[in-house]
Amino acid sequence: MTRRNTLAWFALKQEIEDFLYMEADLLDQRMFREWLDLLAEDLVYFMPIRRNVKFGQHAEKENTRQGEGISWFDEDKWTLGKRVEQILTGVHYAEEPLSRVTHMVSNVRLLEVSPSPEDATGVVVGSRFLVYQNRVEYETNIFVGRRIDTLRRNGDSWLIARRELILEQNVLLAKNLSILF
Amino acid sequence: MTTILPIDQMIDTAKGTISRDIFVSPEFHREELEKLFTRAWLFVGHESQIPNPGDFFVSRMGEESVILCRDTKGSVHVFLNSCRHRGMKVCRYESGNTSLFVCPYHSWSYTTDGKLQGVPLYRVLYEGQLDRSEWSLIETPKLHLYKGTVWASWDPEAPDFMTYLGEAVDHLDQVLDCRDGRPGGSEVIGIHKWILPTNWKFAAENFLGDTYHNPSHRSVDMIGIGPSARAGQTGRRDNEYNKGQHVWVSYPQGHGVHSVWMPEEFDYQAGYQQYPIVDEYFRHCFQERKKRLGDKARIMPFTGNLFPNTSYHGRQPRGLCVWHPHSPTETEAWRFFLVDADAPAEVKDVLRRFYMRYSGPAGMTEQDDMENWLYATKASTGTIARRYPFNYQQSMGAYKHNDPIPGDVSVQITEQNARNYYDVYARYLKGDGWESLLGRGEAARQAAE
């Protein structure tokens with residue numbers, strides 16, 4: 001078991017937090033192409049649909065599953081690249097004019113570190129997101145949920161290899177999920 | 001029966017104008033719920049969602065929650081999801097399997113065929129007063145299963161579903177039948193539910209045959225998101241019908257579709273590039289379908305709307321979408337995605353990925369629709385705006401009857417489907433009888449003129 005009170009652990013945690021905040025900043029500054037560069041070629045980007053299920057059935061039935069059926073997002077880097085390309089056409093009217101977006105990331109925890117905090121090449125990091133979207137004049141959406149990211153060392157930085165977004169909604173209360181999470 | 005609203009002035013399809021009020025006013029919303037959603041046949045769900053006895057799926061009809069349920073003997077029912085005692089929802093799970101629906105409030109319980117079974121302290125409190133057989137869950141008097149889909153109406157006088165559907169059935173079949181032409185055989189692989197700040201009719205009309213709105217999807221057409229996009233093809237879907245005649249067809253019951261009528265001789269158009277197994281599968285299905293259906297195979301579907309609020313996409317993507325009114329300016333959309341139940345896993349996987357990037361709130365194509373509907377609704381609420389009707393004069397009179405296929409058929413982009421839809425809509429709001437609602441009164445009147 002990895003010790004969690006070492007300097008190496010805190011240094012790694014700080015490095016990962018900085019990475020997540022930098023990544024959020026790229027999105028909020030609408031640097032979409034630069035953001036895409038942070039995604040691994042074999043990225044999995046997954047946001048399940050949440051369902052109202054009977055007590056005791058949550059593990060089995062609450063969330064739609066990656067690789068099966070329909071979720072809000074269950075896609076790869078190519079598709080996210082298309083989403084960026086679409087925004088950059090300037091005629092994707094759901095994002096034209098562009099929304100104003102702020103991504104808040106908090107509750108950052110290292111869930112898995114491999115092989116060790118001293119020379120980590122892979123981490124699984126849990127966090128919370130609060131994404132504020134305001135578009136045109138009065139349209140405002142707040143998306144809140146949990147995120148589990150698998151990051152892979154890429155020189156001095158990291159690549160996102162897997163992102164799971166657990167949005168705390170059943171019926172989606174926004175008309176669109178036209179922003180990137 | 002008369003209405004408080006001057007509907008014929010507000011919906012003047014001979015002139016080609018429709019008041020914005022029908023899209024924003026609380027009065028129209030209330031009238032629709034009272035006079036339209038209580039009578040029309042509404043889509044409730046799909047049998048693949050309730051395969052086993054005791055299975056249930058909670059759905060909606062208009063603004064109200066209903067339970068689609070297969071009872072323990074195997075029969076399908078649709079019940080209002082509200083306890084007969086104080087109205088609490090007896091089921092707040094989306095789907096599952098049960099032998100009883102137990103109300104959380106006072107614990108009245110109902111069997112899967114809707115009968116009131118358990119009433120706590122019955123002997124002490126109710127003996128001699130409450131006749132349990134009279135207090136079953138409220139059930140739709142009309143129910144019809146068609147090729148897996150489940151439809152219901154609250155009107156005991158409603159005509160049977162196939163009469164209501166009429167000749168639009170040929171197009172709905174293209175959605176529900178297997179890709180190789182075997183009847184039925186689809187399954188629901190997932191459902192989107194989301195809230196749109198728009199009037200539900202904007203969405204219905206979009207699918208009814210509004211091909212004119214294509215420019216709003218320019219971004220996906222430019223970048224390419226279809227099943228062959230990875231091979232560099234632009235556009236939002238494969239070009240399956242490039243030799244066909246586009247047709248916009250309306251029906252006396254209010255339905256409207258946009259399909260393609262293929263020439264007598266037509267070949268498979270390769271699609272699903274970069275997925276050889278999927279392309280081969282659809283090539284095979286194409287040949288089989290032609291053999292099975294003969295001339296009917298010439299009908300290839302794009303979109304349609306079955307009156308009043310069930311829309312479909314026929315092939316790429318494929319599914320049914322129901323627009324449930326919440327308020328004049330708010331709609332809850334439910335999309336049911338379909339595949340052939342016996343399609344190979346690789347085919348299903350390619351399809352579901354395409355469906356997700358095309359459809360719904362996360363879909364790159366439909367996001368732009370939602371943007372249009374929101375701001376069209378918003379900008380129509382104003383006092384000045386409501387003085388000016390919408391224009392519905394596109395391709396007035398440019399259609400033929402039963403040529404080349406049944407229905408009123410236009411071979412150019414048209415708002416005829418919409419004009420017809422709102423004519424039927426007006427008849428519901430005037431409280432007309434079923435002869436009129438099925439368009440028979442209209443046909444008789446025209447014949448007499």
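Could you go through the range A:12-32 and let me know if any residue there is within 14 Å of chain B (Cβ to nearest Cβ), in a loop (DSSP other than H, G, I, E, B) and within 17 Å of the chain's Cα centre (by Cα). Checked against the condition, which is being within 14 Å of chain B (Cβ to nearest Cβ), in a loop (DSSP other than H, G, I, E, B) and within 17 Å of the chain's Cα centre (by Cα), the range A:12-32 yields no hits at all.
Just one of the listed residues (B:ARG230, B:ARG237, B:ARG179) is among the basic types (Lys, Arg), surrounded by fewer than 21 Cβ atoms within 10 Å (Cβ to Cβ) and farther than 27 Å from B:TYR428 by Cα, and it is B:ARG230. Just one of the numbered conditions (1) among the polar types (S, T, N, Q); (2) open to solvent by less than 10 Å² (accessible area, probe 1.4 Å); (3) part of a helix (DSSP H, G or I) is not true of B:SER380: (3). Restrict the check to the range B:209-224 and report whether at least one residue is touching a residue at least 60 places away in the same chain (Cβ under 8 Å), within 14 Å of chain A (Cβ to nearest Cβ) and within 17 Å of B:ARG315 (Cβ to Cβ). Yes. When we screen A:LEU173, A:LEU165, A:LEU111, A:LEU159 for residues that are open to solvent by 30 Å² or more (accessible area, probe 1.4 Å) and within 14 Å of chain B (Cβ to nearest Cβ), the only hit is A:LEU173. Within the range B:344-358, the set of residues being open to solvent by 10 Å² or more (accessible area, probe 1.4 Å), more than 11 Å from every other protein chain (Cβ to nearest Cβ) and under 23 Å from A:PRO48 (Cβ atoms) comprises B:GLU346, B:VAL350.
Considered as a group, the residues in the range A:61-90 that are more than 19 Å from B:ARG352 (Cβ to Cβ) and more than 7 Å from chain B (Cβ to nearest Cβ) include one that is most open to solvent (accessible area, probe 1.4 Å), and that residue is A:LEU88.
Taking the listed residues B:TRP323, B:TRP373, B:TRP334, the one that is modelled with pLDDT under 95 and either within 12 Å of another protein chain (Cβ to nearest Cβ) or out of contact with any Pro (no Cβ under 6 Å at 6 or more places or on another chain) (or both) is B:TRP373, with no other qualifying. Against the numbered list (1) open to solvent by less than 10 Å² (accessible area, probe 1.4 Å); (2) within 10 Å of chain A (Cβ to nearest Cβ); (3) among the acidic types (Asp, Glu), B:ASP340 comes up short only at (2).
Could you tell me whether any residue of the range B:150-161 is touching a residue at least 24 places away in the same chain (Cβ under 8 Å), part of a helix (DSSP H, G or I) and under 16 Å from B:PHE43 (Cα atoms)? Write out each step before concluding.
In the first step, residues of the range B:150-161 are kept if they are touching a residue at least 24 places away in the same chain (Cβ under 8 Å); the result is B:150-155, B:157-159, B:161.
With the extra rule that they be part of a helix (DSSP H, G or I), the set shrinks to B:161.
When the remaining residues are screened for being under 16 Å from B:PHE43 (Cα atoms), the result is B:161.
Taking every residue of the range B:150-161 in turn, at least one turns out to be touching a residue at least 24 places away in the same chain (Cβ under 8 Å), part of a helix (DSSP H, G or I) and under 16 Å from B:PHE43 (Cα atoms).
Just to check your reading of the model, which residue among B:SER107, B:SER59 is assigned to a strand (DSSP E or B) and either polar (S, T, N, Q) or closer than 30 Å to B:THR383 by Cα (or both)? Of B:SER107, B:SER59, the one residue that is assigned to a strand (DSSP E or B) and either polar (S, T, N, Q) or closer than 30 Å to B:THR383 by Cα (or both) is B:SER59.
The values are calculated or read from the model by the stated rules, or taken from the named source; none is laboratory data. All values reported here derive from a predicted model rather than from experimental measurement. FYI the Cβ positions are ideal-geometry reconstructions off the backbone, even for glycines, and counts take in every protein chain you see. Please note that ligands, DNA and RNA were not included when accessible areas were found on the heavy atoms of the full protein model with its side chains. Shrake-Rupley method; radii C 1.70, N 1.55, O 1.52, S 1.80 Å.
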